[in-house]
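Enquirer: Pasting in a structure now, in structure tokens, and then I'll have a few things to ask.
The values are calculated or read from the model by the stated rules, or taken from the named source; none is laboratory data. What you see is a predicted model, and the numbers here were worked out from it, not measured in a lab. FYI the Cβ positions are ideal-geometry reconstructions off the backbone, even for glycines, and counts take in every protein chain you see.
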Amino acid sequence: MDKLMNNTWFMRIIALLIALMIYLSVNPDTSRNTNRVSNDEPQSSQIFPKPPGTNNNNQPAPNESSATLENVELKAETGNDNYVVSGLPDTVSVDITGPTSQVTIAKQRRNVEVYADLSGFEPGEHEVDLKYRNLDSSLKVGINPGSVKVKIDEKTTKEFPVEASFINEEQIAEGYKPGEPVLNPKTVKVTASKAVIKQISYVRARVNLQDADQDLKQQAQVIVYDKAGNILPVEALPRTIEVSVPIQSPSKTLPVELNQTGEPPEGVTIRSISISPSEVTAYGPENILEGLKEIKGPDLDLTKIKEDSVVELGLPLPEGVKELSQQKVQVKIDVDKEGEKVLKGIPIETAGLDEGKSIEYLDPSAQAFDITVTGLEEQLKKVSSKDFQLVVNASGLEDGEQTIKVEVKGPNDVKWSLPQEEATIRISGTQS
């Protein structure tokens, strides 16, 4: 033995063995780590008869710890853009065990990716093991669930019209109500399996009306529904659309009252005046609207009306009123112009001449007058000599030359004048 102890090579070998034993006692994972792979490579979930990385007392080995990453998103990788996958759960949980430093990093970064590798699979139903990436190779990993049943279908795309859907409409500002919404764009494209496309009944863009008291413009999420009103887990493009909603305040429909000022020019008669629209809607607080009976104004200056006219007039906004449905109205004015018409040679009739006497007209010698008729042009067109009667009443007149008033009978809707109001006559003969 002394001889061996004095041998230099023997002592070196003993020292090396002791050093190796100390190293193995400090690094119990050495044998496992010799089989590590790069953490950039996809790895499958590992199944253990007891929680991974624990000793016989179900406790993590020295210098190790365990953790569970909850709600890790699960993705499908088909390698084919024309396929759509159904049946995948949205999330899975991932159990990790290993060096405490790596467990801590994994918990902080949460960049683990879990996916179903479906590349090379054909349409149909399949059961597939889940894989993961972005975890250090020193970690033992368990995915729950470790495998899933999926269905692969060919994608199809169809365009659907979008309707606006109001939420919290009962919570809109008091007295207000939504108007007709305007959507941009009006259609979206939905890509899904043919079976899912057949289930689509309608597509809505939801607009929140809570506390709305003025016009809204929102980017509304597009949601796809089946016939029963259930939301279908499909993606519409675009995912959101712009929805504009006019928010209408309390309103009241009121007549428009025109304020006429001045008189029409000489020879012009106003036949009719009409307003379009004759009613407008006023928007504003309830207490203001309750006191309104009409919209007063605008002013129409009749002194400027010389012929049939259509004028546009602005409506004054009553105090306290927020808005009128019309800012202007059209006023149509129909007029009648006065004209003049001469009816020539209307005979003068003699009435009441005593028996046995005769009458001679000295002025007018023709026993007839021309009548000048004035009135509205439309009325003048209808007037003729037959509408007038000129009469001299000779009852009780003595013989000799007389000047007597000529009476005129004619229509009531025109005016007339004679070249002279009296006729000069001569009565002759003896009363029997």
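Enquirer: Within the set of pairs 6 or more residues apart or between chains, which connect a residue that is at positive phi inside region 292-317 to a residue that is assigned to a loop (DSSP other than H, G, I, E, B) with Cβ atoms less than 7 Å apart?
Expert: Between residues of region 292-317 that are at positive phi and residues that are assigned to a loop (DSSP other than H, G, I, E, B), the close pairs are Gly297/Leu315; Gly297/Pro316.
Enquirer: Oh, and also: Just to be sure, is Ile333 out of contact with any helix residue (DSSP H, G or I) (no Cβ under 7 Å at 6 or more places or on another chain) and closer than 30 Å to Lys409 by Cβ?
Expert: In short, no.
Enquirer: Also, I was wondering about something else. Say we look at region 332-347 and pick out the residues that are more than 30 Å from Leu313 (Cβ to Cβ) and not basic (Lys, Arg); which of these is surrounded by the most Cβ atoms within 10 Å (Cβ to Cβ)?
Expert: Ile346
Enquirer: Examine region 232-248 for a residue that is without any contact (Cβ under 8 Å) to a residue 12 or more places away in the chain and within 28 Å of the chain's Cα centre (by Cα), and state whether such a residue exists.
Expert: There is at least one residue in region 232-248 that is without any contact (Cβ under 8 Å) to a residue 12 or more places away in the chain and within 28 Å of the chain's Cα centre (by Cα).
Enquirer: I'd like the residue in region 292-351 that is in a strand (DSSP E or B) and hydroxyl-bearing (Ser, Thr, Tyr) and, out of all such residues, is farthest from the chain's Cα centre (by Cα).
Expert: Thr350
Enquirer: Looking at the structure I just gave you, is Ile275 among the aliphatic types (A, V, I, L, M), crowded, with 16+ Cβ neighbours inside 10 Å and over 24 Å from Lys186 (Cβ atoms)?
Expert: Taking the combined requirement at face value, the residue satisfies it.
Enquirer: Also, quick follow-up: Could you count how many residues in region 125-145 are of a type in the set (Asp, Glu), closer than 20 Å to Ser101 by Cβ and in contact with a Lys or Arg (Cβ under 7 Å, 6 or more places away or on another chain)?
Expert: Going through region 125-145 one residue at a time, the tally reaches 0.
Enquirer: Still on this model: Filter region 352-361 down to residues that are surrounded by fewer than 14 Cβ atoms within 10 Å (Cβ to Cβ) and either part of a strand (DSSP E or B) or at negative phi (or both), then give me how many there are.
Expert: Of the residues in region 352-361, 3 are surrounded by fewer than 14 Cβ atoms within 10 Å (Cβ to Cβ) and either part of a strand (DSSP E or B) or at negative phi (or both).
Enquirer: Additional query: Are there any strands (runs of 3 or more DSSP E) wholly within region 61-132 with 3 or more residues that are crowded, with 16+ Cβ neighbours inside 10 Å and assigned by TED's automatic domain parsing to the domain that holds Leu232, and if so which?
Expert: In region 61-132, no matching strands (runs of 3 or more DSSP E) lie anywhere.
Enquirer: Of all residues in region 387-416 being among the small types (Gly, Ala, Ser) and surrounded by 15 or more Cβ atoms within 10 Å (Cβ to Cβ), which is nearest to the chain's Cα centre (by Cα)?
Expert: So the residue we want is Gly410.
Enquirer: Determine whether Ile333 is modelled with pLDDT of 90 or more and not assigned by TED's automatic domain parsing to the domain that holds Ala394.
Expert: Judged against the criteria, Ile333 is a match.
Enquirer: Looking at (1) surrounded by 13 or more Cβ atoms within 10 Å (Cβ to Cβ); (2) under 30 Å from Leu324 (Cβ atoms); (3) among the acidic types (Asp, Glu); (4) within 28 Å of the chain's Cα centre (by Cα), which is the one condition that is false for Glu257?
Expert: Among (1) surrounded by 13 or more Cβ atoms within 10 Å (Cβ to Cβ); (2) under 30 Å from Leu324 (Cβ atoms); (3) among the acidic types (Asp, Glu); (4) within 28 Å of the chain's Cα centre (by Cα), Glu257 violates only (4).
Enquirer: List the residue pairs whose Cβ atoms are under 6 Å apart, where the first residue sits in region 116-137 and is within 9 Å of Thr78 (Cα to Cα), the second is of a type in the set (Ser, Thr, Tyr) and crowded, with 17+ Cβ neighbours inside 10 Å, and the two are 6 or more positions apart or on different chains.
Expert: Note: pairs meeting the criteria are Leu118/Thr78.
Enquirer: Let me ask another. Among the residues of region 194-205, write down those that are in contact with a strand residue (DSSP E or B) (Cβ under 9 Å, 6 or more places away or on another chain), exposed (fewer than 15 other Cβ atoms within 10 Å of the Cβ) and of a type outside the set (A, V, I, L, M, F, W, C).
Expert: Lys194, Ser201
Enquirer: Given the conditions (1) closer than 17 Å to Asp301 by Cβ; (2) at pLDDT below 90; (3) not aliphatic (A, V, I, L, M), which single one is not true for Glu257?
Expert: (2)
Enquirer: Among Pro419, Pro364, Pro411, which is the only one that is in contact with a helix residue (DSSP H, G or I) (Cβ under 7 Å, 6 or more places away or on another chain) and modelled with pLDDT of 90 or more?
Expert: Answer to the selection: Pro411.
Residues checked against (1) touching an Asp or Glu at 6+ places or on another chain (Cβ under 7 Å); (2) crowded, with 16+ Cβ neighbours inside 10 Å; (3) in a loop (DSSP other than H, G, I, E, B):
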| position | (1), (2), (3) |
| --- | --- |
| Ile143 | no, yes, no |
| Lys149 | yes, no, no |
| Asp153 | no, yes, no |
| Glu170 | no, no, no |
| Glu174 | no, no, yes |
| Leu183 | no, yes, no |
